[in-house]
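Input: a single structure, listed below in structure tokens.
The values are calculated or read from the model by the stated rules, or taken from the named source; none is laboratory data. Please read all numbers here as calculations on a predicted model, not as lab measurements. In this analysis, Cβ positions are derived from the backbone assuming ideal geometry, glycine residues included, and neighbour counts consider all displayed protein chains.
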């Protein structure tokens, strides 16, 4: 996961003409199947020797939301994620969010900035 994230960030940075990535912003669903601590540990290892080396990793946790057909409404699900409406206990008809793994943004240094600030 960390290597894929670094590869995406580095590709986006190169396409933007960057010389360095200073921050990587990730949206991570609460049930995405990624252990945030493991990702944070492996991110610097995956970034070594790339434009992403030394970049700060920020992770926004996306809460789980379902659509309840009985209530005709979206509902946030608190852990432990029983996948039933927390209001009426009807089984969840549709998962709306919570499984995301999304590279939201990167912060970069461009060649002109790097030359002026060695």
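Inside the stretch 1-10, can you point out the residues that are part of a helix (DSSP H, G or I) and either outside the structural domain of residue 49 (by TED's automatic domain parsing) or farther than 13 Å from residue 105 by Cβ (or both)?
Narrowing the stretch 1-10 to residues part of a helix (DSSP H, G or I): 2-10.
Within the stretch 1-10, 2, 3, 4, 6, 7, 10 meet the criteria.
Return the total of residues in the stretch 63-116 being modelled with pLDDT of 95 or more and under 30 Å from residue 51 (Cα atoms).
Selection size over the stretch 63-116: 11.
Which of (1) on the phi < 0 side of the Ramachandran plot; (2) touching a residue at least 40 places away in the same chain (Cβ under 8 Å); (3) surrounded by 13 or more Cβ atoms within 10 Å (Cβ to Cβ); (4) touching a strand residue (DSSP E or B) at 6+ places or on another chain (Cβ under 8 Å) is the odd one out, the single condition residue 111 does not satisfy?
Residue 111 satisfies all of (1) on the phi < 0 side of the Ramachandran plot; (2) touching a residue at least 40 places away in the same chain (Cβ under 8 Å); (3) surrounded by 13 or more Cβ atoms within 10 Å (Cβ to Cβ); (4) touching a strand residue (DSSP E or B) at 6+ places or on another chain (Cβ under 8 Å) except (3).
Give me the pairs, please: first residue somewhere in the stretch 66-87 and free of Cβ contacts under 8 Å to residues at least 12 places away in the same chain, second residue anywhere and part of a strand (DSSP E or B) and surrounded by 12 or more Cβ atoms within 10 Å (Cβ to Cβ), beta-carbon distance under 6 Å, and either six or more positions apart or on two chains.
Filtered contacts from the stretch 66-87: 84/91; 86/75.
Go through (1) without any contact (Cβ under 8 Å) to a residue 12 or more places away in the chain; (2) in a loop (DSSP other than H, G, I, E, B); (3) surrounded by 14 or more Cβ atoms within 10 Å (Cβ to Cβ) one by one and return the number of the condition residue 50 breaks.
Going through (1) without any contact (Cβ under 8 Å) to a residue 12 or more places away in the chain; (2) in a loop (DSSP other than H, G, I, E, B); (3) surrounded by 14 or more Cβ atoms within 10 Å (Cβ to Cβ) one by one, residue 50 breaks only (1).
Go through (1) in the same structural domain as residue 26 (by TED's automatic domain parsing); (2) out of contact with any helix residue (DSSP H, G or I) (no Cβ under 9 Å at 6 or more places or on another chain); (3) farther than 20 Å from residue 28 by Cα one by one and return the number of the condition residue 51 breaks.
Residue 51 satisfies every listed condition except (2).
Could you list, in sequence order, the residues of the stretch 13-30 that are surrounded by fewer than 18 Cβ atoms within 10 Å (Cβ to Cβ) and either within 16 Å of residue 110 (Cα to Cα) or modelled with pLDDT under 95 (or both)?
Result: 14, 15, 16, 17, 19, 22, 23.
Could you list, in sequence order, the residues of the stretch 11-35 that are closer than 15 Å to residue 103 by Cα and either in a strand (DSSP E or B) or in contact with a helix residue (DSSP H, G or I) (Cβ under 6 Å, 6 or more places away or on another chain) (or both)?
21, 22, 23, 24, 25, 26, 27, 28, 29 - these are the residues of the stretch 11-35 that are closer than 15 Å to residue 103 by Cα and either in a strand (DSSP E or B) or in contact with a helix residue (DSSP H, G or I) (Cβ under 6 Å, 6 or more places away or on another chain) (or both).
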